[in-house]
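Okay, so here's the structure we're looking at.
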Amino acid sequence: MWAEMKLLLRDRLFPARIAPTREGNPSPPVLFQMITGYWVSQAIYVAAKLGIADLLKDGPKSCLALAVATGADAPSLFRLMRALASVGVFSHVHADSFALSRLAESLQAEVHGSLKAMVITLGEIHYQACSNLLYSIQTGSPAFDHMFGASLFDYLRQNVDAADAFNQGMANVASMLAYAVLMAYDFAGISSIVDIGGGQGELLETILRFNPDIGGTVFDTASTIQRARRRGSNNAWGRRCSYVTGDFFTSVPPGADAYLLCGVIHDWDDSRAVKILRNCHRALTTNSRVLLVDMIVPEAASASFSKLLDLNMLVMNGGRERTIAEFRALLNAADYKLTRIVPTMAPQSVIEAMAN
């Protein structure tokens with residue numbers, strides 16, 4: 001029995017394939033590391049919320065100095081920083097002093113590729129909604145509505161701080177994704193673009209900057225367009241871009257060569273996604289096209305971030321990530337034909353479709 005017990009201990013509790021750390025401390029089983037992953041995610045969130053990375057941009061600081069600047073408890077902040085340094089977020093340089101690591105650079109607010117706002121919105125409303133994933137799996141309904149008593153976008157309209165973090169996070173992601181789209185998709189022959197649900201306009205701004213013959217329209221809700229107008233008022237690209245408020249469940253601006261929907265269709269279930277696409281269809285001219293920028297779930301039983309994001313979409317707004325077959329069926333239901341799929345360097349692809 002002891003021989004069998006040793007095998008059990010080795011295979012389940014202390015698997016040999018888990019290498020010891022440099023200090024010689026064995027790591028816990030992989031499944032245990034997975035289930036405690038929120039320890040790391042919440043620690044990163046707290047560091048982002050406190051603005052630690054911005055405080056370290058000019059060099060290392062002691063935890064006491066960081067605590068004074070953030071109003072945190074110094075001994076507790078040290079424990080947070082030590083834990084994050086142990087996984088490569090921040091560097092433990094001396095005694096109680098810490099510095100930026102390469103990973104931590106993205107937690108600064110004013111750097112290209114900043115993830116600070118995204119980390120904050122993920123650590124707050126996403127984290128709380130995901131804590132009730134069981135509800136979504138049992139009911140098929142968004143856990144967000146169950147937790148907050150309102151749908152995601154209704155909640156954001158009523159809560160300014162949450163909306164600011166959410167919108168800025170989306171804007172930061174869009175600004176990075178724009179370059180991947182530009183490198184992959186040829187916009188030749190397109191003279192006008194409407195960015196449906198275009199947020200603060202970062203994606204369209206980048207497309208216009210590199211395509212001086214294109215004019216564009218950012219189309220979104222009134223509150224989002226107010227932010228976009230404030231941001232774009234001093235930019236040269238703003239002269240080639242208009243801002244239009246509206247509801248894509250009702251109608252969209254007509255007559256553009258291309259209708260860009262980046263991260264929009266995956267927010268919604270099939271019936272509401274079809275409604276958005278049909279409204280775009282009514283706005284098309286003879287040679288117009290729609291360009292969906294979304295992840296594609298591989299048909300194969302393989303690892304893919306899209307499969308985890310799919311759970312998040314279920315929890316947050318009842319949306320979903322889709323396979324190629326599911327995109328094709330969705331487009332067919334809205335009277336489009338899928339013309340091509342253009343992979344990018346990012347996890348998202350450009351899915352092009354034209355009216356039947």
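Every number in this text was worked out from the coordinates using simple rules, so none of it is lab data. Here the structure is a predicted model, which is why all the values come from computation and not from measurement. As a convention, Cβ positions derive from the backbone with ideal geometry for all residues, glycine included, and neighbour counts pool all protein chains shown.
Summary of computed values
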| item | result |
| --- | --- |
| DSSP loop trypsin sites (Lys or Arg not before Pro) with at most 15 other Cβ within 10 Å: longest gap in the chain | 58-356 |
| Distance cut-off 28 Å, percentage of C-alpha pairs in the stretch 12-152 lying past it | 33 percent |
| Under Karplus coefficients 6.51, -1.76 and 1.60, residue-wise ³J(HN,Hα) of the stretch 184-198 in Hz, glycine/proline x | 9, 10, 8, 8, 4, x, 9, 10, 8, 10, 10, 8, 6, x, x |
| 222 nm mean residue ellipticity, helices alone, for the chain (DSSP H n ≥ 4; -39,500 (n - 2.57); rounded to 500) | -13500 deg cm²/dmol |
| Nonlocal amide H pairs with Thr323, under 5 Å, H built at 1.01 Å | Val297 |
| Measure of compaction for the stretch 256-356 (Cα Rg per 2.2 N^0.38 Å) | 1.03 |
| GluC sites (Glu not before Pro), loop per DSSP, at most 14 other Cβ atoms within 10 Å - longest free stretch of the chain | 111-298 |
| Per-residue HN-Hα couplings for the stretch 207-212 [Karplus 6.51, -1.76, 1.60; θ = phi - 60°; Hz; x = Gly/Pro] | 4, 5, 4, 9, 9, x |
| Charge-dipole axis of the chain as Lys and Arg at +1 and Asp and Glu at -1 on Cβ define it, positive-most pick from Pro28, Ala43, Trp2 | Trp2 |
| Whole-Hz couplings from phi, Karplus 6.51/-1.76/1.60, listed for the stretch 252-269; x for Gly and Pro | 9, x, x, x, 7, 6, 9, 10, 9, 10, 9, x, 9, 4, 6, 6, 10, 6 |
| Cα-based reach from Lys116 at 13 Å (exclusive), listing aspartates and glutamates while leaving out same-chain residues under 8 positions away | Asp54, Glu105, Glu124, Asp164 |
